[in-house]
Amino acid sequence: MGEVSQESTPGPAFPGIIGRTLADSRPHWPAPTRAAPGSPNVVVILMDDMGYSDLGCFGGDIDTPRIDALAANGVRFTGYTTVPMCTPARAALLTGKNPHSVGCGWLSQSDPGYPGYRGEISPDAPTIAELLRARGYATLAVGKWHNTYDRNNLPGGDTSSWPIQRGFDQFYGFMGPETSYFQPDNMMEGNHPANVVRYPEGYFAPDDYTGRAVEWLAHHFTSSPDKPFFLYLAFQTPHGPLHAKPADLARYRGRFDAGWDAMRRGRYDRQRAAGLIEPNAGFAPRNPGVPEWAALGADERALYARYMEVYAALLDNADQNVGRLVDFLRDAGQMGNTLILLTSDNGANAVAGPRGVMNLIGRRVGAADDMALDLRLLAEDRVGAEDTYICYPTGWTQLSNTPYRYFKRLPMAGGIRVPLVAHWPARIVDTGALRRQWVHVTDILPTVMEFAGASLPAEFKGRPTRALDGKSFARILEDGEAPARRDRQYYELQGNRAYISGNWKIISLQAPDKAIDLDNWMLFDLARDPTEIDDLAKAHPDTVRRLVEEFDAEAGMNFVYPIDTRDERRNPHVPPHEVERMLAPRDFYRIGQAIPSLVVSPLVCDRAYVLKAWFEWTPGDEGIIFALGDRFCGLVLYVDAGALHCIYQWWHAPTVLKPVALAAGRQAFELRYRATGKRQGCADVVLNGEPRLTGAGLSPTMLRVPTCGMSIGMSRRLSVSERYAHRGDFRYGGHIERVRIEPGALAPGSSLEPSEEVMQARMRAPA
């Protein structure tokens, strides 16, 4: 009877034959995409803020036997560099491109309006997951993402930069820069918020990430044993807050009592003996501001040693989880052809300064440190618990980065020299060897692609792609005598710039929020001075001039300009068209997830606002009406024993308002807050139209609501107040109609006042 005409059939042409009956037809099945035979599994384990010397296999004194075993049966790269901050480093690793060139020159919370700083990876730069999935790989990611612009990390935001949309079949983890290890916030299951009110006793996030990865792989090996996988295991460890499980912490009691000076010398000596640093690497002086350990008081030494014990216990936990993954891969018969790469996104963090901090959230929003309280928490053995938010002192930062100077955020060696361990039984034969060739973070993608038999397509998702900046080190991985593939690289972060060309390196360091000095370059001869101790700029002005010209050329091609030294953590740059949306009054409901901090912070931080709540009460109803923030900084309204309780929480210094007795029926609560300037504020409380409290001092004003945001009708994660913490989620027993926040004016002279640049942009923006 012949073929059926397909001329008017919608959809793609069918290569087979469609007749009126099966006898007249010929079927066709499109060929599935399959990875090339022998393609390796790939695991990238990315640590967060881990220094060059922290691992035992790089000279450290923290117990990391499982990672050390990978190094002993693989190779270590001693000349590996990254970029000195989280978001840019992850973008460079995932794309093989310099971070500014793909829009990630700074952190994801800001978009100052320039192409190098959009806060998320540009769509014309396919990620390693997208490229490997196109080659027939399964792609999995767990842990920290931090490559989505904050305003898109909200319900209704543009999800095109979320992990699932950037090539991962599955994702489980958190989207932002940091979170609690005990009660993590902003956790995602694929494209959906993880529906967890409170994590159980004994929960620890890195254990959860690893467990999820192992579970996925078990399902994968059962369902698709012939399909290789790519696993991106992005631990938040050891990024602050430093938290530790009690059993892990117990093993490190007293281990750091000798102090950072003696222990840094010990790490340095071990590194020299093992050939982990250059033979002529000098022992750098203490970084500026780092005190001599012996000059500290006994209380300070005891507290600071405990900070480092928590850091060590946290890294020990990550090592245990690496062991869990390796054991499973070995038991599943997958280790032989699995390439494991383990590294860190940048060097160790110096955010806490010379004295460290017990509550980093408090310091960020202007609360004073309290040494007496810190020592009480030390005596009570609460350092590293879920109600602390620790970062260690910069003396320990320098220990972590031994032998290199400075730290994360700066392109000195301490910010960019980190470990790289590679393990691959099928291809690495000189196990335990060192690779001294210079390898950069952008080189990881092209290396993996070469081993997978893949290449960068000329076009991806309808957009032309740009050439990779990274260079494959596949040959170096297998052959220690292979020549290095690179001899130059630029660096820039928040105005701090560097450029390496051959053995020369120029560096320009800038103070945040200060006028930039474009001409304050230092010069180091890395062949003679790899630890960057002796500045030769005055002796070689022509070399400085030449390298500055080369840096300018690279910076221009990679969208580094304009240089921006503003500190955006407290007051992120927001496009003018978003400001009005952020400040519109909002209604919040009991149904659904917690309201993100990004939504509520602009409504209440250092400004006047009216917060209203409507709910029903009958005798016996108890629980949370709303909980804004957490123990470190928050505001909570709850019912207990027939009275309404309101607490303005500042860690261990809460302001508790006088309880208000309730009468049965519908309740209309109002808190009318006035921000009077210099971080001072007061509030009136009105219940059912009747003033109940006038001029209550609620200071200091908030500058940022912690990442847990606001919950209606229950207590999520870490409770705002200790007074009801023992009652779990403390769900309200009655009906809550809604909660409303109506923002008013910023406080006079507020530090959150938009910058002059933003104000000018608003005036220029089209109506």
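The values are calculated or read from the model by the stated rules, or taken from the named source; none is laboratory data. Just so we're clear, the structure is a prediction, and the values are computed from it rather than from any experiment. Every residue, glycine among them, receives a Cβ derived from its backbone with ideal geometry; neighbour counts consider all protein chains shown. These area figures cover heavy atoms from the full protein model, side chains too; ligands, DNA and RNA do not enter into them. Shrake-Rupley method; radii C 1.70, N 1.55, O 1.52, S 1.80 Å.
Tabulated data for the structure shown
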item: Ranked by how many other beta carbons lie within 10 Å on average, peptides 652-659, 559-566, 221-228 from highest; result: 559-566, 652-659, 221-228
item: By average C-beta atoms within 10 angstrom, highest first, the peptides 324-336, 23-35, 714-726, 181-193; result: 714-726, 181-193, 324-336, 23-35
item: Cβ-derived FRET efficiency at R0 51 Å, Val196 paired with Ala433, nearest 0.05; result: 0.70
item: Accessible-area ranking of Glu616, Glu670, largest first, probe 1.4 Å; result: Glu616, Glu670
item: Ser25-Ile591 FRET efficiency (beta carbon distance; Förster radius 51 Å; 0.05 resolution); result: 0.45
item: Nitroxide proxy distance, nm - points 7 Å out along Cα→Cβ at Ala372 and Ala458; result: 7.4
item: Length gained when the stretch Ala527-Asp158 is fully extended (0.36 nm per residue, less Cα-Cα span); result: 128.1 nm
item: DSSP-assigned coil residues among trypsin sites (Lys or Arg not before Pro) in segment 217-298, each with at most 13 further Cβ atoms within 10 Å; result: Arg251, Arg253
item: Theoretical ellipticity at 222 nm over the chain - DSSP helices of four or more residues, -39500 (n - 2.57) apiece, nearest 500; result: -7000 deg cm²/dmol
item: Calculated Rg and Dmax of segment 476-544 using C-alpha coordinates, Å; result: 14.6, 48
item: Average accessible area per residue (Å²) across the chain - probe 1.4 Å, nucleic acids and ligands excluded; result: 38
item: Using θ = phi - 60° and Karplus 6.51 cos²θ - 1.76 cosθ + 1.60, couplings along segment 28-41 (whole Hz; Gly, Pro as x); result: 8, 10, x, 5, x, 6, 10, 5, 4, x, x, 4, x, 5
item: Contour excess over end-to-end distance, with Cα ends at His735 and Ala262 and 0.36 nm allotted per residue; result: 164.2 nm
item: Restricting segment 461-525 to GluC sites (Glu not before Pro) in coil, as DSSP defines it, with at most 14 other Cβ within 10 Å; result: Glu481
item: Contour minus Cα-Cα distance for Thr565 and His652 (0.36 nm per residue); result: 27.9 nm
item: Label-point gap, in nm, between Asp534 and Lys514 - each point 7 angstrom along Cα→Cβ; result: 2.7
item: Kirkwood estimate for the chain, i.e. one over the average of 1/r between Cα atoms, Å; result: 27.9
item: Cα Rg, Dmax, segment 367-487, angstrom units; result: 21.7, 62
item: Whole-percent carbon and sulfur share, accessible surface of the chain, 1.4 Å; result: 53
item: Inter-part distance where segment 683-714 and segment 286-325 are each reduced to a Cα centre, Å; result: 38
item: Calculated log₁₀ intensity ratio I(q)/I(0) where the Debye formula runs over C-alpha points of segment 587-720, q = 0.10, 0.13, 0.14, 0.18 Å⁻¹; result: -0.29, -0.50, -0.59, -1.01
item: Cα→Cβ-extended label distance, 7 Å offset, between Phe14 and Ala295, nm; result: 8.4
item: Hits among lysines - C-alpha to C-alpha of Lys505 under 19 Å, sequence gap 8 or more where chains match; result: Lys408, Lys538
item: Qualifying chymotrypsin sites (Phe, Trp or Tyr not before Pro) in segment 585-662, DSSP loop, other Cβ atoms within 10 Å at most 15; result: Tyr589
item: Within segment 322-393: Cβ-based charge dipole about Cα centre, in debye rounded to nearest 20 (Lys, Arg +1; Asp, Glu -1); result: 200
